[in-house]
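The values are calculated or read from the model by the stated rules, or taken from the named source; none is laboratory data. Everything numeric here is computed off the predicted structure, so don't read it as measured data. Heads up, the Cβs are rebuilt from the backbone with ideal geometry, glycines too, and the neighbour counts pull from every protein chain shown. Ligands, DNA and RNA are excluded from the accessible area calculation, which covers all protein heavy atoms including side chains. Shrake-Rupley method; radii C 1.70, N 1.55, O 1.52, S 1.80 Å.
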Amino acid sequence: MIFCGMALAPGRKVRVPLPVPGAQPLETLCLCGAAPGRTLVVTAGVHGCEYVGVQALRRLAVELDPAELSGNVILLPLANPTGFYAGAKQVVPEDGVNLNRAFPGDPAGTLSARLAYALETALYQAADFLADLHSGDCNEALYPLVFFPTAGTEAVNRAALTAARALTVHYRVRSTAQNGLYSWAVQKNIPALLIERGGLGLWSETEVNACCEDVRALLRHLDILPGGNPFRDQVEIAEARYVESAADGLWHPAAGLNDSVKAGALLGRLEDLSGRCIQEVRAEFDGVVLYYTAGLGVAAGDPLIAYGHP
Ligand SMILES: [Zn+2]
C-alpha cells in the first residue's frame, strides 16, 4: 500500500503524517494487511466535542493486528485537532467554520478549507470505503444511528446502504448531505457512512466498545476481517425532521431519546428570558426522537430536535 507517498509493507502498522497546507500534519495510523484486499478509512474528531469515535480509533489502533487483515485500514482519530483540544463546539476555532460543511476543500483557503483539501486528497485516493465517526455535540443528546447517503450514484449509494445494515446501531437514516467529509466522498464515488454514537460531550467504555464493534462489523462486511456479520434488527428512517431554533432563546425539550411521539405531540418550547413562548415545536407525524439539544441556551438557527419515522 502507498499512502501519503509512503510505501507500506504487508503486515506492518505504521504512523503516517497526513500533510495539511500551512498547518501541522494530521496523525494517521495505517495497518497494511498481511493479505491483499480492500482499504477501509475511518475518521473521527471532525467536531471537537465528539469523543466516542476518537477513543474507539485509539483503541482499535492498539487492538487490530495487520497479520489478521486481508486488506488495509487507515485510522485518523483527530481530523480537527485544534477544535478537539480547545473543546470547540462544531467549528474549527481558527476560522469558525464547520469542517463538515467545508467540502470540497481549497489548499489556499482558511484552515477548514485546507483541512478538507488535505483529507479528501489523501483519504479518498486510498479508500475503498470510508466511515466518519461522530456523536451528538456537547449540548446534544443522541440515540445511536447511521446516516447513509443519497448523493452518490445508485451503485455507490447501494454499497453504502448494504454496509450500514451490518452495523449495530438501531436506526439508519437517509441523508441528503453534500458538503461533508463522508457526503463529498460519496460524490467522488467512494461508498461512505456517517456513524453517530454518544453525545453531551461525554464518552463511556460501553459506547466506545459499541463503536469499535461497528468498525469491526464494517471490516467483516468488506472481508478485511473474516467471519461475516449476523442479521441486525435495524430500522430505516425514511423521513426525518430537523427542527431549528427560530430565535435566540431558552430551549425546554419535552420528549426524550427514542421516545415514540404522536403527530401533534409537544416536542419542546423555546422561551425568552421573561418566560414568553417564542416557538412551540410539535411533531408533524408519528415518529421517534433521534436527537435533541439538551442545553438551555440556543441561538437562532441552532438544531433543537430531530425525529423521524420508518
Ligand atoms: Zn459531528
Every residue from region 259-293 that is open to solvent by less than 50 Å² (accessible area, probe 1.4 Å) and under 24 Å from the mean Cα position of the chain (by Cα): Gly287, Val288, Val289, Leu290, Tyr291, Tyr292, Thr293
Qualifying strands (runs of 3 or more DSSP E) (wholly inside region 238-280; at least 1 residues being of a type in the set (Ser, Thr, Tyr)): 239-244
Meets criteria (under 17 Å from the mean Cα position of the chain (by Cα) and of a type in the set (Gly, Ala, Ser)) for Gly53: yes
Yes/no for Ala255 being over 20 Å from the mean Cα position of the chain (by Cα), of a type in the set (A, V, I, L, M), closer than 19 Å to Glu196 by Cβ and buried (at least 17 other Cβ atoms within 10 Å of the Cβ): yes
Cβ pairs under 8 Å, 6+ apart, first in region 74-95 and farther than 23 Å from Val215 by Cα, second among the acidic types (Asp, Glu) and more than 14 Å from the ligand (Cβ to nearest atom): Thr82/Glu94
Residues (open to solvent by less than 50 Å² (accessible area, probe 1.4 Å) and not aliphatic (A, V, I, L, M)) located in region 215-228: Arg220, Gly228
Qualifying residues in region 145-158 (those that are touching a strand residue (DSSP E or B) at 6+ places or on another chain (Cβ under 9 Å) and more than 14 Å from the ligand (Cβ to nearest atom)) - the one nearest to Leu290 (Cα to Cα): Phe148
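Residues of region 294-310 being in a strand (DSSP E or B) and surrounded by fewer than 16 Cβ atoms within 10 Å (Cβ to Cβ), which ones?
Listed by number, the list holds a single entry, Gly297.
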Selected residue (only one of Gly83, Gly87, Gly71 is surrounded by fewer than 24 Cβ atoms within 10 Å (Cβ to Cβ) and within 16 Å of the ligand (Cβ to nearest atom)): Gly87
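Just name the residue that is nearest to Asn139 (Cα to Cα) out of those in region 1-50 that are within 16 Å of the ligand (Cβ to nearest atom) and hydrophobic (A, V, I, L, M, F, W, C).
Narrowing region 1-50 to residues within 16 Å of the ligand (Cβ to nearest atom): 42-50.
Imposing the further condition that a residue be hydrophobic (A, V, I, L, M, F, W, C) reduces the set to 42, 44, 46, 49.
Numbers: Val42: 25, Ala44: 18, Val46: 16, Cys49: 9 Å.
Going through the qualifying residues, I end up with Cys49.
Tally up the residues in region 233-252 that are modelled with pLDDT of 95 or more and open to solvent by less than 60 Å² (accessible area, probe 1.4 Å), please.
Applying the first criterion (modelled with pLDDT of 95 or more) to region 233-252 yields 234-237, 240-252.
Filter once more, keeping what is open to solvent by less than 60 Å² (accessible area, probe 1.4 Å): 234-237, 240, 243, 245, 247, 249-251.
The number of residues fulfilling the criteria is 11.
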Every pair of residues 6+ apart whose Cβ atoms lie under 9 Å, when the first sits in region 33-57 and is in contact (Cβ under 8 Å) with a residue 24 or more places away in the chain while the second is of a type in the set (Phe, Trp, Tyr) and more than 15 Å from the ligand (Cβ to nearest atom): Arg38/Phe129; Thr39/Phe3; Thr39/Phe129; Leu40/Phe129; Val41/Tyr124; Val41/Phe129; Gly48/Tyr85
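Only one of Leu130, Leu161, Leu142 is within 16 Å of the ligand (Cβ to nearest atom), within 19 Å of Arg220 (Cβ to Cβ) and either open to solvent by 10 Å² or more (accessible area, probe 1.4 Å) or touching a Leu at 6+ places or on another chain (Cβ under 7 Å) (or both); which?
Details: Leu161 fails: within 16 Å of the ligand (Cβ to nearest atom); Leu142 fails: within 19 Å of Arg220 (Cβ to Cβ).
Sole residue among the options that is within 16 Å of the ligand (Cβ to nearest atom), within 19 Å of Arg220 (Cβ to Cβ) and either open to solvent by 10 Å² or more (accessible area, probe 1.4 Å) or touching a Leu at 6+ places or on another chain (Cβ under 7 Å) (or both): Leu130.
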Restricting region 178-190 to residues that are hydrophobic (A, V, I, L, M, F, W, C) and in contact (Cβ under 8 Å) with a residue 60 or more places away in the chain, the residue that is most open to solvent (accessible area, probe 1.4 Å): Trp184
Filter result (within 12 Å of the ligand (Cβ to nearest atom) and open to solvent by 60 Å² or more (accessible area, probe 1.4 Å)) within region 91-109: Arg101
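One line per residue, one yes/no per condition, for (1) of a type in the set (Asp, Glu); (2) more than 17 Å from Met1 (Cα to Cα):
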position	(1), (2)
Ile74	no, no
Gly83	no, yes
Glu94	yes, yes
Phe103	no, yes
Thr110	no, yes
